[in-house]
Each structure stands twice: as C-alpha cells, then as structure tokens.
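Comments concern the structure below.
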Amino acid sequence: MPNKPSARKELRKAVVRQARNEKIKSNLKDLVKKSKKTIEAKGAEAKELVNKALKAFDKAAQKGTIKKNTANRKKSRLQLKLNKS
C-alpha cells in the first residue's frame with residue numbers, strides 16, 4: 001500500500017482508469033466478433049456493425065485505451081473483410 005497521499009491518489013486514479021479501459025476493450029472485442037460473424041454469414045447489417053466497430057476503435061484510440069496505429073491496423077483488417085464479402 002502506498003504511504004504518501006499523492007501515491008494513494010494515483011492508486012485510486014489507476015483503478016478507475018483500469019476499469020474504464022477494460023470496459024472499452026471488452027466492448028471493442030464484442031463489436032469485432034459480431035461484425036466478423038455477420039460478415040461470414042453475409043448478413044445485411046454487416047456494414048452497420050463494421051461502422052460501429054470503426055467508430056469505437058477511433059474513440060478508444062482517442063482516449064488512449066489503445067494505440068493509434070493498433071486501432072488503424074484493426075480497422076483496416078475489418079474493412080478488408082467487409083470489402084471481400
């Protein structure tokens with residue numbers, strides 16, 4: 001346990017950030033899974049789901065949850081799958 005007040009505050013902040021980041025990443029994974037499943041099934045709403053996932057990647061990168069290049073790479077791969085189908 002931290003002894004100094006500033007270290008205690010940093011620990012509290014880290015816990016809050018970690019919870020937020022886990023929620024965002026979990027949401028991203030769910031969106032990507034749903035998008036891929038719909039693309040493979042040639043579903044009509046595939047484009048909608050992919051657009052939601054792309055927007056979520058942008059937001060996650062903007063907030064610093066994931067790196068910008070990682071977001072761009074995953075967006076590109078998802079878009080390629082959609083375009084191929």
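The values are calculated or read from the model by the stated rules, or taken from the named source; none is laboratory data. Everything numeric here is computed off the predicted structure, so don't read it as measured data. All Cβ positions, glycine included, derive from the backbone under ideal geometry; neighbour counts span all protein chains shown.
What to note about this one:
- Any hit, the range 37-49, residues being among the polar types (S, T, N, Q), modelled with pLDDT of 95 or more and in a helix (DSSP H, G or I): no
- Residues that are touching a residue at least 12 places away in the same chain (Cβ under 8 Å), buried (at least 18 other Cβ atoms within 10 Å of the Cβ) and part of a helix (DSSP H, G or I) within the range 57-85 comprise Phe57, Ala60, Ala71, Lys74, Lys75, Leu78, Leu82, listed in sequence order.
- Residue within the range 16-29 that is at pLDDT 95 or above, among the basic types (Lys, Arg), surrounded by 13 or more Cβ atoms within 10 Å (Cβ to Cβ) and under 13 Å from the mean Cα position of the chain (by Cα) present: yes
- Residue within the range 35-56 that is farther than 22 Å from Asn83 by Cβ and surrounded by 12 or more Cβ atoms within 10 Å (Cβ to Cβ) present: no
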